[in-house]
Structures are given as C-alpha cells and as structure tokens.
C-alpha cells in the first residue's frame with residue numbers, strides 16, 4: 001500500500017488552522033520531529049528514498065518530486081498566504097516561469113510595463129520564442145488596461161508595489177476586471193510578503209515570491225515560490241514543477257524556513273526605519289522626488305493603506321542633479337551597501353538604470369519612468385541614525 005504524503009495536521013499538530021500568521025511564521029513545524037523529538041525541524045538532504053517493497057513507494061521517492069524540508073516550507077507559505085498549496089522553486093524567476101510555462105502555447109500574458117528587469121527579460125524571451133503573447137501596459141491606466149483585457153489574455157501578472165518605482169495597483173479591482181475577461185491573476189508579493197499583504201484574499205489566483213528576499217531575509221539563499229488559491233491548480237503546479245525540474249534545494253528551503261521565523265519582527269522594524277528615511281529624503285533639497293507608498297503624497301497611498309497591513313521597507317528616490325548626482329551619491333553614501341537584491345537584514349542601495357533594470361534598454365526605461373537619477377533603497381536593521389547619517393553623506397556629495 002502506498003503511504004500518503006504528510007498533510008498540515010501531520011506537520012503542525014501544535015498549531016491549529018486558526019493560528020495567527022505571526023505564530024505560523026515563527027513556529028510552523030516546531031516540535032514535529034517524530035524520530036528524535038527535535039524542536040527545530042530537521043533537514044532532509046537525501047536525493048532518493050527507499051521503497052517499502054515491490055511497487056510500494058513511501059511518502060517520498062525522489063527529491064525532485066518531493067522533499068520533507070521543502071514541503072514544510074511550502075505548507076508554511078501556503079498557510080501564511082491563505083492558499084491551498086505551494087511549490088518552492090529554485091529562484092523567483094523560476095517561480096514565474098513555472099506559472100507561465102504551464103499556459104497553453106501562445107497564451108496572452110498581460111504584465112506591468114515597469115516590472116522588475118529580470119521578470120521583463122524572462123517574459124520577452126518566452127514571447128520571442130512564441131510561447132506567450134506578451135502585452136506590457138501601465139496598469140494604472142484604466143483605458144490601456146481595458147484595451148488589453150479585451151484581447152482576453154490567459155494571465156495577468158501584477159507587481160505591487162512595483163520595482164523600482166513603488167507604484168501601487170488595486171488588486172481587488174484589477175482581479176475583478178481580469179476575471180470578467182477570463183484571465184487568471186498572479187501577484188508578485190515579494191516586496192511586502194504575507195506579513196504586509198495577502199493578495200489571494202483580494203481575489204488573486206496565485207501569489208509569487210522571490211524567497212531570496214524578505215522571506216529568507218539574510219541574503220544567503222536563492223529561491224522562489226508560487227502559492228495557488230485553488231487546490232487543483234496547486235496540484236497542477238506541483239506536477240509541472242516535477243516535470244520541468246524547477247523545484248528548490250532542501251538546504252535552501254531549510255535556510256528560508258529559518259529566516260521565516262523572524263519575518264514579522266524584521267519587517268515591522270525595517271518599515272519603521274523606511275518611513276523615517278522617506279520623510280527625511282522628501283525634505284532634502286538634493287532630492288527631487290521620493291517614491292514610497294507610506295507618504296501621504298504618494299499617488300497610491302490610499303490604496304496601499306486599504307489593502308496592505310503596512311507600507312514595507314522598500315523605497316526609491318530621484319536626485320535633482322541627474323545621473324552625475326547619482327554617481328556621486330553612490331560613491332559617497334555610508335551604511336548602505338551598493339548591491340543588487342533586497343530584503344536582507346543589511347541595507348542596500350541600487351541604481352536601477354545600470355543594475356537591476358539595465359537590460360530593459362534606455363528607451364524602455366524612459367517609458368517606464370526609470371530615470372538615470374533614480375536610486376532604490378532596501379532598508380535593513382541598522383540604527384535609524386546611522387542609516388540617515390549614511391544617506392546624508394551621499395546627499396552632501398550631490399550639493
């Protein structure tokens with residue numbers, strides 16, 4: 001007889017379905033080791049598993065198809081997002097690719113024109129091969145959005161807040177429009193995580209994460225995840241992930257689960273500092289514009305306040321002195337480290353035009369509104385005073 005896969009009750013007897021998200025993040029799977037009673041969940045690195053006998057596979061047979069450590073993380077993420085199931089992938093882009101590669105050949109995909117550069121590169125590569133029909137649109141432009149939805153795309157990809165301009169999309173409103181047009185909706189929730197935003201509760205069909213970022217939180221893992229609202233769609237994703245081999249490594253899953261334990265306290269502290277920094281930058285004469293939904297002046301502030309628990313720890317700003325000022329700033333800034341990525345305990349600064357969004361090309365960046373004077377901040381856990389002092393050192397060089 002084939003042994004069944006462990007379910008939520010097996011993995012988390014100590015924490016029932018009504019456990020609050022903070023409890024799920026900090027303690028999901030704790031004390032669940034039936035072999036030795038380990039408090040911390042063990043890591044299973046084996047690539048293969050014994051059969052009980054002839055034609056008698058156990059709950060796990062091969063690591064690509066299933067792994068107890070990876071599944072524990074997947075179940076935790078599914079519960080945090082309020083989903084029916086999740087697949088943990090080798091990267092955030094692998095999570096997006098898993099979703100779009102399961103669409104019928106030539107299916108329409110509607111994506112934001114100002115999305116993350118890696119996402120845009122992936123979507124364009126799939127479109128060039130005829131695997132999807134890609135439409136890039138400003139999702140804040142209702143007329144442009146309606147025109148593309150009339151073409152009845154199969155999938156609408158949403159990024160809110162957007163990377164790097166922090167534009168906010170009304171998930172519930174867009175989901176209603178998309179479903180009326182017969183499209184499924186996938187929301188990239190990397191910037192906010194389920195600690196700050198739960199897109200499935202607002203009508204999305206899927207949530208996508210680069211677990212590399214806030215979920216892991218320590219800049220030492222590359223990973224991703226897709227969470228589905230519908231059980232059948234979750235099963236389809238698991239099946240397809242095994243077919244194409246996009247599942248993540250057990251050790252990466254274990255590290256991410258360990259990082260998940262502190263997600264809520266990390267992000268709460270980081271967003272407090274981000275709000276202070278956004279206000280400080282907005283008042284500085286060397287800064288032309290600040291993009292942070294927590295500011296009342298932000299165009300998406302009201303929507304963000306309605307659909308988010310908080311405003312997150314990502315922000316961007318434009319220097320009044322243009323590209324040369326940006327160069328001087330990054331050469332003089334303190335505390336912040338010049339590097340790509342985000343969501344770690346350390347504060348990072350990126351220049352999107354020459355880093356994360358360089359592949360877009362100058363013309364596409366101009367259309368998206370990504371100027372050479374734009375800088376993006378990922379606010380970490382350092383003291384606020386040190387972060388502001390570091391920024392002031394950069395701003396002083398722009399005078």
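Since every read-out is calculated from the coordinates, none of them should be taken as a lab result. All figures in this text were calculated on a predicted structure; none of them were measured in a lab. Reconstructed Cβ throughout: ideal geometry from the backbone, glycine too, with neighbour counts over all protein chains shown.
Quick notes on this structure:
- Ellipticity estimate at 222 nm from DSSP helix runs (n ≥ 4, -39,500 (n - 2.57)) divided over the chain, nearest 500: -11000 deg cm²/dmol
- The modelled label-to-label distance between residue 332 and residue 133, using points 7 Å beyond Cα along the C-beta direction, is 5.2 nm.
- Residue 340-residue 36 FRET efficiency (beta carbon distance; Förster radius 45 Å; 0.05 resolution): 0.65
- The chain: angle of helix 117-128 to the longest principal axis, Cα-based, in degrees nearest 10: 70 degrees
- Applying 1/(1 + (r/R0)^6) with r as the Cβ-Cβ distance of residue 56 and residue 84 and R0 = 25 angstrom yields a FRET efficiency of 0.30.
- Sorting 262, 190 from the fewest to the most surrounding beta carbons within 10 angstrom yields 262, 190.
- Here residue 362 and residue 399 are evaluated by their C-beta separation; at R0 = 35 Å the FRET efficiency comes out at 0.80.
- Rounded is the label for region 284-399. Its Cα gyration tensor axes, ordered a ≥ b ≥ c, give a/c under 1.5.
- A protection proxy built from the mean count of other Cβ atoms within 10 Å ranks the segments 248-258, 85-95, 38-48, most packed first, as 85-95, 248-258, 38-48.
- 13 Å cut-off, amide nitrogen to a point 7 angstrom out along residue 239 Cα→Cβ, residues in region 32-73: none
- Structure-derived Rg and Dmax of the Cα atoms in Å: which label, when the choices are (i) 20.5, 64; (ii) 20.2, 68; (iii) 21.4, 76: (iii)
- Available extension along the chain between residue 176 and residue 386 is 71.2 nm, counting 0.36 nm per residue and deducting the alpha carbon span.
- Against the main long axis of the alpha-carbon atoms of the chain, helix 384-396 sits at an angle near 40°.
- Extension gain from residue 101 to residue 26, taking 0.36 nm per residue of separation minus the Cα-Cα distance: 23.7 nm
- By average C-beta atoms within 10 angstrom, highest first, the peptides 235-245, 176-186: 176-186, 235-245
- Subtracting the Cα-Cα distance of residue 150 and residue 47 from 0.36 nm times their residue separation leaves 32.4 nm of extension gain.
- Global geometry of region 138-231, whether rounded, prolate or oblate, following the gyration tensor of its Cα atoms and the 1.5 cut on a/c: prolate
- Sequence of 355, 360 once ranked by neighbouring C-beta atoms within 10 Å, starting from the fewest: 355, 360
- Contact order relative to length of the chain, as percent, for alpha carbon pairs under 8 angstrom and 6 or more apart: 16 percent
- Degrees separating the helix 263-282 axis from the principal Cα axis of the chain, which is the longest one: 10 degrees
- In plain terms, the residue of 18, 113, 291 with the fewest other Cβ atoms within 10 Å comes first and the most crowded comes last, giving 18, 113, 291.
- Region 150-177 residues near the modelled residue 323 label - backbone nitrogen below 20 Å, point 7 Å along Cα→Cβ: 164-165
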